[in-house]
Amino acid sequence: MPTPDGYYNELWARSQPAGGELTDVTEHSGDSINGKGEVVLLIHGYNAPVKSQREEYQAFIEDVASKGIRPIIAPSFGAPGFPVFKFFWPGDWDNMFSAAAYMQMVCRAPKVGDRLEQYLNTLSGPRGAPILIHIISHSLGNRVALELLEYIRTRAQTGKHRVVSYTLMAAAVPENRVKKGNELHEATLSVNKRQVLYSRSDTVLHWAFPPGEMLAGEGFLPTAIGRSGEPSPLWTDRRDFSEIPTGGHIGYRHSDYWRGEVSADEAAKQLGVPINPQLVSSAAPTHTLPPQNVIATKSFSERVLALTKSFL
């Protein structure tokens with residue numbers, strides 16, 4: 001059914017637009033994935049109430065849609081291109097911003113992946129063929145995506161669907177979780193096209209992620225995939241955004257990905273549609289590196305940092 005731009009093809013697993021509880025996945029507005037041949041599924045991260053995340057999703061969709069020689073994804077309801085479905089889960093906790101609140105969301109992420117898998121397992125593509133799904137996720141939404149893949153890998157699948165690519169942007173997932181022998185390693189490798197966009201300029205993942213994850217029982221001050229891009233052998237495409245200019249500064253920060261031109265370029269390429277070279281943003285940094293061995297060192301006093309009020 002036609003719906004206003006920004007409100008179409010929404011999947012909700014939340015009881016209310018801000019805060020609230022985790023629910024089963026429902027088709028909140030727009031079309032249904034069921035019966036589609038190929039779709040894009042967007043998954044947001046921590047601290048993303050519906051109102052603000054709608055704007056982030058729509059900006060990203062329009063940027064990616066503009067990149068191709070022919071339409072890549074549909075920028076509006078019924079437009080040419082892969083249909084885009086926007087997933088909303090309760091990753092915000094009544095507007096509380098603290099390590100304790102983030103810890104709760106880390107523990108919730110596997111449950112969200114469970115509900116999303118249960119929903120997808122009821123669906124099939126046209127004439128019994130599988131639905132081909134491209135996942136693009138951000139921050140803690142990447143944990144949801146990988147947990148979803150683990151459930152798909154380990155459960156009997158009664159529906160017909162197949163995840164054919166994923167793009168992990170600023171992944172708030174500990175490196176150790178996906179290393180060989182650990183919980184999400186096989187799930188990570190279960191998809192043929194595996195893209196990671198990361199940045200060492202991401203101060204949220206540098207300062208806030210390790211203590212938040214440690215409180216959630218994820219190990220001692222773990223490093224996020226979205227900051228290091230590791231373990232590098234796992235990815236078929238790995239892009240370092242540490243020196244890419246965006247938003248008036250050098251290097252992608254945590255909240256830059258949904259609205260970043262270069263992240264839209266890379267996500268568009270991952271979808272496998274020919275890109276118009278005249279519309280691709282330059283990823284070259286606008287400054288040169290200093291001569292070897294003259295990088296100044298900085299010292300920091302030891303202190304406890306509160307979790308940054310930012311999207312994870």
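Distance between the modelled labels on Ser15 and Ala100, one decimal in nanometres: 2.0 nm (7 Å Cα→Cβ projection). The slack between Lys111 and His249, meaning 0.36 nm per residue of separation minus the straight C-alpha distance, is 46.1 nm.
Between His28 and Phe220, the FRET efficiency estimated from the beta carbon spacing at R0 = 35 angstrom works out to 0.35.
Extending 7 Å from the Cα toward the beta-carbon at both Leu132 and Ser242 defines two label points whose distance is 3.5 nm. With +1 on each Lys and Arg Cβ and -1 on each Asp and Glu Cβ, how big is the dipole of the chain about its Cα centre, in debye rounded to the nearest 20? Computed charge dipole of the chain: roughly 480 debye. Among the lysines of the range 10-279, pairs that are 8 or more positions apart or on different chains and have alpha carbons within less than 21 Å of each other number 15. A simple spin-label model places pseudo-atoms 7 Å from Cα toward Cβ; at Ile275 and Lys193 they are separated by 1.2 nm. Shown for Met105, Met214: other C-beta atoms within 10 Å of each C-beta, ranked fewest to most, produce the order Met214, Met105. For the range 190-266 versus the range 135-182, the inter-centroid distance based on Cα atoms is 15 Å.
Taking a ≥ b ≥ c as the square roots of the eigenvalues of the Cα gyration tensor of the range 10-279, is the shape rounded (a/c under 1.5), prolate (a/b larger than b/c) or oblate? Rounded shape, in that the Cα axes give a/c under 1.5. This ranking places Phe85, Phe241 by how few other beta-carbon atoms lie within 10 Å of each, fewest first, which gives Phe85, Phe241.
Other residues lying with their Cβ under 13 Å from the Cβ of Pro233 contribute a combined charge of +1, Lys and Arg counting +1, Asp and Glu -1. In plain terms, the residue of Arg14, Arg127 with the fewest other Cβ atoms within 10 Å comes first and the most crowded comes last, giving Arg127, Arg14.
The angle between the Cα long axis of helix 99-120 and the longest principal axis of the Cα atoms of the chain comes to about 30 degrees, rounded to the nearest 10. In the chain, a dipole from Cβ-located charges (positive for Lys and Arg, negative for Asp and Glu) runs towards its positive end, and of Ala264, Ala129, Thr223 it is Ala129 whose Cα lies farthest in that direction.
Under the criterion of Cα pairs below 8 Å and six or more residues apart, the relative contact order for the range 10-279 equals 20 percent.
Summing Cβ point charges (Lys, Arg +1; Asp, Glu -1) relative to the Cα centre of the range 45-94 gives a dipole of roughly 260 debye.
Computed from Cα atoms, the angle from the helix 141-154 axis to the main principal axis of the chain rounds to 50 degrees.
Every read-out reported here was derived from the displayed coordinates using simple, explicitly stated rules and does not represent laboratory data. Here the structure is a predicted model, which is why all the values come from computation and not from measurement. With ideal geometry, Cβ positions are generated from the backbone for all residues, glycine too; neighbour counts draw on all protein chains shown.
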